[in-house]
Amino acid sequence: MTIFQNISRWISFPLMAAGIALSQPALANKEVEAELMKQIKSAYVDGAYDKFNRLAAQMPEKSVFRPHVEIWQFRFFQKGVEKKFPDREVVWSKSEILPLLNKHESSWPAETLRRDWLEQLARTAQWDEFAAQRSQLRYRPDQGVECADLMYAAEQGQLVRYKLNAVLSADKRLPRTCRVMLKNLYKVGGVSAQDLDRHVLQLVANNQLSEAVRFVEDFSETAWGKAIVSSSLREATTNPDKTLKAGLTITGTDLYLTSALARRAVQDYKDVAGLLEGTLSGKLSTSSEQWLWSHVGYRAGLVWDRNALVYFKRSNPELMSQEQQEWKVRSALLLEDWPAVLQATNEMNPVLKEDKAWVYWRGRALANTGKMVEARQEWIKARSPFSFYGKLADEELGNVVTAPKRPELLTAAELDWAKKHPGLVRALALYDVGLRTDGFWEFNLQVAQMKDRELLAAATWAERNQLYDRAIAAADRTEIEHDLSLRYLTPFRSNMQAKTREIGVDESWVYGLIRQESRFVTIARSGVGASGLMQVMPATAKYVAKKIGLSDFQPADITEIETNLTLGTSYLKMVFEQHDQSPVLASAGYNAGPSRPALWKRRLGDRKVEGAIFAELIPFDETRGYVKNVMSNTVAYSLLLNNASTPLKQRLGMIYGSK
């Protein structure tokens, strides 16, 4: 008998368990049902079990929200059992959980519940059931399920090392399943002490100091964990100078010293490079020294130090994280060292190597070393009418980016199918009650396995319901039939035309920027407080309003469409004129702050680089992706709005450094 004996029966009769009558005819009122759902979600988030049960009992059995309510109720019970048995692995049996999953099949709560079950099955080595349930997942796995997949692969003798390296290179707290996997592999020799050291170092390098200590403590029963003193590791990471002074007088593992050097490199990578070349040369283990060189190379690459590539070459590509492998290529691009670009892209892990970005740059490297036939083969692989590097690859092949053939109009039956699709209806209902995150994931799950015509119908349905971001998300997934007007929506067109003409900025560029900023969600608000269509920061809004004489501006007006467009386009024009009238620099400045492009130009000094290289060198992941997407979007919007095909490479132009 398992801990969850008869849980499915308990779930089937939640109202009886709560002791509340079933008859609630007044709840036919959708507004009341919506308000009830908001209260239920609040009780769930707050962990208010009794309140949740009382409210859940009032939700009609046929409510569109039923999957969320019943699975959240199950999770309440799950948490209670886990709290009661903290030292035991709680596992749901097939007879206990499958009825609930089958009842709410194709809902996002069921998808996440199955994910958790898969991790339980993997941790307890129930591989037959794991294989059966794994095939039922409809959406891409999270890291916990990916580690469950690796455990299954190891069981089958098919563990792929580069996939394991991705886990070891993670710089955040690993899910429980990943930690169990690493422990199991360590015990049978599939993971070495040096591998575990590397994960600790990745955490330390990312300032996850407490998590590094916790990871070691998770392995306290292993030989590796017993050899590491938590207090010494904590001292090395919080007071690196003291550890560096002690140097190699600390006996045992060199993890303390390497961790201290990792912390120092964040502040002064040149100092660490000097130590590795001087007093510490040959004193650390080979793996520790090579990891440190990759870390030093990465820190140097972020500030466009021209010695970064030299540092990287002293490391071992197999020890590098994905991010470090990428920065090795970028460090070669900074120097326009094409043989080094070719070598670095070839050394990447198999999946990363086939990313369109690195396929494109490998093609450029081949072309610059006289291998045009091979270069064209790479660009053919990378070409696409929609992505940044896909467009650049197409242009290298001598093609002009054109709008794809518009698909045949959707039939009434296809549109009706989307309108009545249970999952889409549930997603819209969640959005309508203000549960945008739940609606977001519900919608994404529904479109994950749709075919092109279904995706176009879902996108059209979402647009008509003003779910512009989800309309774009659905349209972006088509593989053969592409509707440019759905992928690149143009809501608020009359406002946009009037404002861009008044301010004097390219309408295609502004649309491309908004598509990246908010995807036309007028109430969008970022984690740092940016608001509205153009994600304007409060301080920026106040500054721009004063600058342009918008005397009646109030902070509450920032999400109003006309005001947001006025402030956003005016600010974009200011940044554009401040930075050489370069849309690349202006886009970067709009996202990262106007002082950042000026700093990066100074780092270039008296050099100039093509816009694509500059965009790839941007040291912030968010801004780098932002600039590439905005510029790619601009090309698409220009095709859509003006039937004009200005090459992306021409739009990117050249970026000139400054002293």
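The values are calculated or read from the model by the stated rules, or taken from the named source; none is laboratory data. These numbers were taken from a predicted model, which means no experiment stands behind them. For neighbour counting, all protein chains shown are included, and Cβ atoms are generated from backbone atoms with ideal geometry for every residue, glycine included. For accessibility, only protein heavy atoms count, side chains too; no ligands or nucleic acids. Shrake-Rupley method; radii C 1.70, N 1.55, O 1.52, S 1.80 Å.
Points to keep in mind about this one:
- Calculated FRET efficiency, D218 to K547, Cβ-Cβ distance, R0 = 45 Å: about 0.25 to the nearest 0.05.
- Between D128 and R54, the contour length at 0.36 nm per residue exceeds the Cα-Cα span by 22.8 nm.
- Classified by the C-alpha gyration tensor, the chain has an oblate form. Its axis ratio a/c, with a ≥ b ≥ c, is 1.5 or above, and a/b does not exceed b/c.
- 24 Å Cα-Cα threshold exceeded, pairs from K94/K451; K313/K353; K356/K601; K41/K79; K381/K405: K94/K451; K356/K601
- Accessible-area composition of the range 147-270, carbon plus sulfur, in percent [1.4 Å probe]: 47
- Estimated FRET transfer efficiency (L302, D580; beta-carbon r; R0 22 Å; 0.05): 0.40
- R607 accessible area, assembled protein chains, probe 1.4 Å, Å²: 50
- Accessible area in square angstrom per residue, the chain, 1.4 angstrom probe: 45
- Each of L415 and E155 was given a label point 7 Å from its Cα along the Cα-to-Cβ line. The distance between the two points is 4.9 nm.
- Accessible surface ranking for R214, R134, 1.4 angstrom probe, highest first: R214, R134.
- Applying 0.36 nm per residue to the separation of A227 and F620 and subtracting their alpha-carbon distance, the gain on full extension is 137.8 nm.
- Simple spin-label estimate for N368 and I480 gives 3.9 nm between the two label positions (7 Å along the Cα-to-Cβ direction from each Cα).
- As a calculated quantity, the FRET efficiency between D87 and K245 at R0 = 30 Å, using C-beta atoms, amounts to about 0.10.
- D46-N207 pseudo-label distance in nm [points 7 Å out on the Cα-to-Cβ vector]: 3.4
- Given a 1.4 Å probe and the protein chains as shown, L335 ends up with an accessible area of around 70 Å².
- Note on E105 and T279: the extension gain reaches 56.4 nm, defined as 0.36 nm multiplied by sequence separation minus the Cα-Cα distance.
- Helix-only CD estimate at 222 nm, as mean residue ellipticity for the chain, using -39500 (n - 2.57) per DSSP H run (n ≥ 4): -20000 deg cm²/dmol
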